[in-house]
Amino acid sequence: MRLVSLILGFLGCVPIASSADQNVQARFEKSLKDAKSISNVEIDWLDTLWINDPEGLKALKVKVFSRTFQYSFIASGMKYRATCKLISGTKTNLVRLSESAFDGKSYATYVGDYRSMTKSSVNEPGANSESAHNPLVAPFMFLAKYSDDCIRCVLRSTDIASDEFANGLTLPTGQKSNGLLEISMPGLRLGGQPTTWKIAMDETGDSFTPQTIKFVAAGSKYEVVNRFLEYTNLGAYQFPSRIEWTMTSYPPTTPPTVLSTGTVAVISARIPDQIADSVFKLDSEEKSAAVVWDWDQKNFKKSANENSNSNARTQARPNIYDESADGSKQIADALDRAKKEDKHVLLQFGANWCGWCHKLHKLFATNRNVAEELERDYVVVMIDVNKGHNKDIAEKYGNPTRFGLPAIVVLDTDGKQLTTQDTGKFEDADHHSPAKVMAFLKEWSPTR
């Protein structure tokens, strides 16, 4: 009896961990349930970025670069409104104001700098007004759909609120290491290769509250470590009020090659009792917009000239892409010609609504040196990708539109893909640099 008493007394002094402490799945499901219980939410945060990469600074033509945006996100059920305002920046051409919203029926985005708006009934995966570092959804960032197939995808609290989010997901068993529980799981493809997520959290606790989440994108040759600090809560849901992240080159070097760093700091977060439906409508922005493009009707509801009809914009800027053309046939015809003339084929993926597509097309046509180089060494094919048109062609060439529009692919006379070019690297302020375009064309021209 004395022995039994001693054993029971000893056990009484040993902390007994709950099964939730050791079970990552249970902690995940609890936090997900807590997050879903928040029907209304308002959150504001500051997002600051510093670029350290010499190549990135060179492309920006600066010796140092930093910028700070203030993001706001308001949601009620599946309705939301996101706003991004420039607070400070070392370059003057940064967008100062952008907004996006979903009122339950229609998605709208607005860029105040250009007084331009787009509207659609189709779900928008993300906009400039939204941040991939929304603190409210940070613990679930590894479930974002950001990938080669959806380069603009961001994770919203409204995504988490949906019944489909993480439905049926089973996380790996946590492995103990120095007081932490760690899991590793595969991610979506980026840069043509699968990605990896590595998550570490305190060994004790009953909520899914990571200390760090590492994202490894081997195909894009970088990795990002996100450190979650100063957890706070809305209701029962816990999320970090501060995030510090570092992007380094991959494979890792010694010492690490830092490409960029950033911080995210919550200004305020609350659960309002009610949010007026008018919050989710960009009515005043639409009234002030000079241009409103309707994706569903594929026309301008409002042109830059208030006194003209909705066709004025189209007449002022004629179509450069044939929206009815079969991309496969276009490329086949171009390859036939390229073989005969010993040229390469340059595919320009874009859409008629894309302003930068028109700028590049104009440069191709009006800059004498560029036009002569194209005529001598290339057969140019304009591939329309508006509203998913020629999606199979884009997929065949590795989804070049993941970089945005326009995107360029160069083929040799046998149809072999030689390179894919993000034309954002040609940009110089509000235009494409003729010198950069010429350097690219000469690099990938046929060797005779």
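The values are calculated or read from the model by the stated rules, or taken from the named source; none is laboratory data. None of these values were measured; they are calculated from a predicted model. Ideal geometry is used to build each Cβ from the backbone, glycine not excepted, and the neighbour counts take in all protein chains shown. Heads up: the accessible areas ignore ligands, DNA and RNA and are worked out on the full protein's heavy atoms, side chains in. Shrake-Rupley method; radii C 1.70, N 1.55, O 1.52, S 1.80 Å.
Taking 114, 250 and ordering them by how much accessible surface each has at a 1.4 Å probe, largest first, produces 114, 250. Computed over every Cα-Cα pair of the stretch 140-183 and binned at 5 Å starting from 0, the pair-distance distribution P(r) comes out as 5, 17, 20, 19, 17, 13, 8, 1 percent.
Using alpha carbons only, how many degrees (0 to 90, rounded to 10) separate the axis of helix 434-443 from the longest principal axis of the chain? On a 0 to 90 degree scale, this one is about 90.
The aspartates and glutamates whose alpha-carbon is closer than 13 Å to the alpha-carbon of residue 79, local same-chain residues fewer than 8 away aside, are 42, 103, 124, 159, 277.
Stokes-Einstein diffusion for the stretch 379-448, with the hydrodynamic radius set to the Kirkwood value over Cα pairs and evaluated at 25 °C in a medium of 0.890 mPa s, equals 185 µm²/s. List residues of the stretch 222-264, by number, whose backbone nitrogen lies under 14 Å from a label position 7 Å along Cα→C-beta of residue 209. 228-242, by backbone N distance to the label point. When the alpha-carbon atoms of the chain are used, the pair Rg, Dmax equals 25.6, 101 angstrom.
The Kirkwood hydrodynamic radius of the stretch 321-448, based on inverse pair distances between different Cα atoms, is 14.6 Å. Among the trypsin sites (Lys or Arg not before Pro) in the stretch 407-447, those placed in a DSSP loop whose Cβ has at most 13 other Cβ atoms within 10 Å are 416. Near residue 165, once Lys and Arg are set to +1 and Asp and Glu to -1 for all other residues with Cβ below 14 Å from its Cβ, the sum equals -1. Ligands, DNA and RNA left out, the 1.4 Å accessible surface of the chain is 52% carbon and sulfur atoms. Annotation: Cα Rg of the stretch 43-178 relative to the compact-globule expectation 2.2 N^0.38 Å equals 1.21.
For the chain, adding -39500 (n - 2.57) for each run of n ≥ 4 DSSP H residues and dividing by the number of residues yields -6500 deg cm²/dmol at 222 nm.
Using equal-weight Cα scatterers in the Debye expression, the normalised intensity of the stretch 122-266 in log10 at q = 0.16 Å⁻¹ is -0.96.
Here the extension length gained between residue 90 and residue 276 equals 63.3 nm, from 0.36 nm per residue of separation less the Cα-Cα distance.
Solvent exposure of the chain amounts to 52 Å² per residue of accessible area, where only protein heavy atoms count and the probe is 1.4 Å. Seen from all directions on average, the stretch 27-80 presents a Cα convex hull projection of 6.1 nm².
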